[in-house]
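Shown next, in structure tokens, is the structure this report addresses.
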Amino acid sequence: MPPTPLPSYRVQRRFDDFDQLGEEVRQWDLDLRQLDRGLFRGELLQFGVGDVHVTEASFGRSLRQEGSPPAGLRTIALAARPDVRFSWRGKQVTDHDVVVFPRGAELSSVSDPRFHVFTCSFPEHLLATIAETHGVGEWADLYREAEVFRCASAAIVRVRRCLRDLSKTALRNDAVLTDPDFVQRATHDLPRRLLDAIAGSAGSCGSETSRKRESALFRAEAYIEEFARHDIKVGDICFAAQVSQRTLEYAFAARYAMTPKAFLNAFRLNAVRRELRAANSSSEGVADVANRWGFWHMGQFASDYRKQFGELPSQTLRKVSG
């Protein structure tokens, strides 16, 4: 009897709504919030062969990305282009880096409008087997519980080329996903190239911010999450973060390229948008939702909302109602 083909799937979508992208992406649990101003444009390609899942994603706006990677698998990520930079759990990731998600860790990333990445998720035993048979050592020794590996340029180029070829092939039709050559490339060649890159890396990369600023950011974000509905000021955030305003501004500039005040305003606008998109918001007016998040001057609110998302709040509400 011929072998049973591995389960496979392919999804390709373009989005003008980052919340919709977060809801429809497969395998991942994503919470996306737009930080900069402008209409969102995103593209997503996902394909899977058995327990191996690959995603190619590009987001045309700056986003704060939270959530969880595919459950039960080890996820590895890298920039899809040489000019891509993004923040990952407090570390600055460049086009020479490979990111390995720690076991059980959640996604925590900040991206700019050039964001374009590949993510690959594998069963742990597959990585261990290939590491052993390929002669690069034990997977546990290679990984060393680090998160960001600075790799040789040639090794990164080989991984990126392999992923581009796989993505290009996957776009042809669904039948190629069960082709033995494609399955071999996705389940053996790809992880082997990634392990080569990690094995030859210069080690893990440090944090982009000091420990003091990192702790201050954590406290500031937690405070904003809890009290954004209230009339809080930057001074209140500084007090909660236990640092001076200058230190907090440096921390937000390094992580988000914006001030704490701008971050708070973007957070509130995203919260309004999320409520307007919720099913029960169709029975509420825009003003009701905006007031709940501290926006009282409706003309200014509508202007700020349109600058942030490229549409009026009433248009967001009509999309859901329609």
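Read the figures in this text as sums done on the coordinates, not as results from a lab. Every value quoted in this text rests on a predicted model; they were computed, and no experiment measured them. Ideal geometry is used to build each Cβ from the backbone, glycine not excepted, and the neighbour counts take in all protein chains shown.
Which residues' amide hydrogens lie under 5 Å from the amide hydrogen of LEU107, considering only partners 5 or more residues apart or on another chain, with H built in the peptide plane?
It is GLY67, SER68, by chain and number.
Sum up the charges of everything whose Cβ sits under 10 Å from the Cβ of GLY48, counting Lys and Arg as +1 and Asp and Glu as -1, but leave GLY48 out. Working shown, then result.
Values: positive: ARG10, ARG26; negative: ASP51.
Net of charged neighbours comes to +1.
Tell me whether the stretch 241-310 comes out rounded, prolate or oblate; compute the Cα gyration tensor, take square roots of the eigenvalues as a ≥ b ≥ c, and use a/c under 1.5 as the rounded threshold.
Values: a/c = 2.46, a/b = 2.36, b/c = 1.04.
Because a/c hits 1.5 or more and a/b exceeds b/c, the stretch 241-310 counts as prolate.
Identify which of GLY60, GLY38, GLY135 has the largest mean-square fluctuation in a Gaussian network model of the chain, with springs joining Cα atoms closer than 10 Å.
GLY135
Report the paramagnetic label zone for HIS188: residues of the stretch 119-133 whose backbone N is under 15 Å from a point 7 Å from Cα along the Cα-to-Cβ axis.
126-127, 129-133
Among the aspartates and glutamates, which have Cα under 14 Å from the Cα of LYS307 when same-chain residues fewer than 8 positions away are ignored?
In chain and number order, the partners are ASP36.
Taking neighbour Cβ counts within 10 Å as the exposure measure, how do ARG41, ARG13 sort from fewest upward? Let's see the in-between values first.
On the way: ARG41 16, ARG13 13.
The most exposed by this proxy come first: ARG13, ARG41.
Could you work out how far helix 190-199 tilts from the main Cα principal axis of the chain, as a 0 to 90 degree angle to the nearest 10?
80
Helix-only estimate, please: 222 nm mean residue ellipticity of the chain, summing -39500 (n - 2.57) across DSSP H runs of length 4 or more and dividing by its residues, to the nearest 500. Working shown, then result.
Numbers: 13 runs with 139 residues, N = 322.
Helix-only estimate at 222 nm: -13000 deg cm²/dmol.
Using DSSP to define loop residues, name the trypsin sites (Lys or Arg not before Pro) in the stretch 97-185 whose beta-carbon has at most 12 other beta-carbon atoms within 10 Å. Display every interim value, and only then the final one.
Details: sites: ARG103, ARG114, ARG144, ARG150, ARG158, ARG160, ARG161, ARG164, LYS168, ARG172, ARG185; in loops: ARG103, ARG114, ARG144, ARG172.
When the trypsin sites (Lys or Arg not before Pro) of the stretch 97-185 are filtered for loop state and at most 12 Cβ neighbours within 10 Å, ARG103, ARG144, ARG172 remain.
Between THR94, THR178, THR55, find the one with the highest GNM mean-square fluctuation for the chain; connect C-alpha pairs within less than 10 Å.
Maximum among the listed residues: THR178.
If amide H atoms are built 1.01 Å from N in the plane of the peptide, which residues on other chains or at least 5 residues away come under 5 Å of the amide H of VAL93?
Excluding prolines and chain starts, which carry no amide H, the hits are PHE86, SER87, TRP88.
Among ASP189, ASP141, ASP97, which one shows the highest mean-square fluctuation when the chain is modelled as a Gaussian network with alpha-carbon springs under 10 Å?
ASP141
Taking a ≥ b ≥ c as the square roots of the eigenvalues of the Cα gyration tensor of the chain, is the shape rounded (a/c under 1.5), prolate (a/b larger than b/c) or oblate? Before the final figure, lay out the partial values.
On the way: a/c = 2.57, a/b = 1.52, b/c = 1.70.
Oblate shape, in that a/c is at least 1.5 and b/c is the bigger or equal ratio.
Between rounded, prolate and oblate, where does the stretch 8-199 land on the alpha carbon gyration tensor, with a ≥ b ≥ c its root eigenvalues, rounded for a/c under 1.5, else prolate if a/b exceeds b/c?
Working: a/c = 1.68, a/b = 1.26, b/c = 1.34.
Because a/c hits 1.5 or more and a/b fails to exceed b/c, the stretch 8-199 counts as oblate.
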